[in-house]
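The values are calculated or read from the model by the stated rules, or taken from the named source; none is laboratory data. Values in this document were obtained by computation on a predicted structure and should not be read as measured data. With ideal geometry, Cβ positions are generated from the backbone for all residues, glycine too; neighbour counts draw on all protein chains shown.
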């Protein structure tokens, strides 16, 4: 498939340059140098335009495309009516240039407002006009709308690679903007989580067998990101894949189906076995005395007994138990006995190096 697509692109590029050359040489009787120049300029412009349309189509769904076509058609009919009216009422002594300028402006403005109107009211139009439906059919597989919480979980990469996600993965642009804004935060855990989310997005985008699409709906009248997610899901008739269970109650009211990535992981065997050894960075104190808390790359909380003595350090721990909840996993660990000895030995080595 990729080979055929590449061959088609190369053929199209060849035609973009060869056809202007033939037309310029045979019909306009230009010299060879002028024909080559015209072919180069025209071909380059056509290639750039094709590249732009290809990139645009990757971030556009059929819902928006249908609304745009219908809006452009309605705007054209409205513009044609206005142009005919102006031509009928305009005096004969009116300059032709000014008349053409007025007609062109009316046509462009009409098409613009037609497209804007149909895009904003696509769902209502599907009920008003028979046989015109912008929503996807119920028997088709829905797209998956990814929120920020699931992008911070690297397990989504493995899940997508299994082939279970056979629809489109849709990421709202406001989610990416929110992640990039959090990368500027002075809060280290929040900053680290945002960077991990962006890395996961880049890996998903670079995967050749996945269909990743961005949506540009901003919903500037809504401030809450969760409400924006629900509105986006309703707009494109998609399901939401999330790791944040707090969205469940509000989504049930809206009639949006939520897929919880933690529920999927609970159906799999535990990734951590009792007695397994881990290297974890202790980031803060726990609720109990001398208890420390760290996090795995997927955001799983690791509670370490005795980890309170190693805040800000990466230490080896052994898994004591794994607790599965509706909001995710919690791993309970014990510190390894030689962590304290290793820290002392590292300090002594550094002191020896300083003295020498």
Residue match in the range 209-224 (condition: part of a helix (DSSP H, G or I) and in contact with a strand residue (DSSP E or B) (Cβ under 7 Å, 6 or more places away or on another chain)): no
Those residues of the range 152-177 which are outside any helix (DSSP H, G or I) and modelled with pLDDT under 80, in sequence order: 162, 163, 164, 165, 166, 167, 168
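Quick check: is even one residue across the range 136-149 within 26 Å of residue 231 (Cβ to Cβ), assigned to a helix (DSSP H, G or I), assigned by TED's automatic domain parsing to the domain that holds residue 226 and modelled with pLDDT of 80 or more?
Yes, the range 136-149 contains at least one residue that is within 26 Å of residue 231 (Cβ to Cβ), assigned to a helix (DSSP H, G or I), assigned by TED's automatic domain parsing to the domain that holds residue 226 and modelled with pLDDT of 80 or more.
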Condition met for residue 186 (outside the structural domain of residue 284 (by TED's automatic domain parsing), in contact with a helix residue (DSSP H, G or I) (Cβ under 9 Å, 6 or more places away or on another chain), modelled with pLDDT under 85 and assigned to a loop (DSSP other than H, G, I, E, B)): no
Qualifying residue in the range 49-58 (condition: in contact with a strand residue (DSSP E or B) (Cβ under 8 Å, 6 or more places away or on another chain) and either modelled with pLDDT of 80 or more or exposed (fewer than 14 other Cβ atoms within 10 Å of the Cβ) (or both)): yes
Subset of the range 280-325 [in a strand (DSSP E or B) and closer than 18 Å to residue 193 by Cβ]: 280, 281, 284, 293, 294, 295, 301, 302, 314
Residues of the range 315-332 satisfying the condition of being touching a helix residue (DSSP H, G or I) at 6+ places or on another chain (Cβ under 8 Å) and modelled with pLDDT of 90 or more: 315, 316, 317
Condition check for residue 204: exposed (fewer than 14 other Cβ atoms within 10 Å of the Cβ), touching a helix residue (DSSP H, G or I) at 6+ places or on another chain (Cβ under 7 Å) and assigned to a helix (DSSP H, G or I): no
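Yes or no, residue by residue, for (1) closer than 22 Å to residue 156 by Cα; (2) exposed (fewer than 15 other Cβ atoms within 10 Å of the Cβ); (3) modelled with pLDDT of 75 or more:
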position	(1), (2), (3)
210	yes, no, yes
217	no, no, yes
231	no, no, yes
236	yes, no, yes
263	yes, yes, no
266	yes, yes, no
Some residue of the range 273-291 being under 21 Å from residue 146 (Cα atoms), modelled with pLDDT under 85 and surrounded by fewer than 14 Cβ atoms within 10 Å (Cβ to Cβ): no
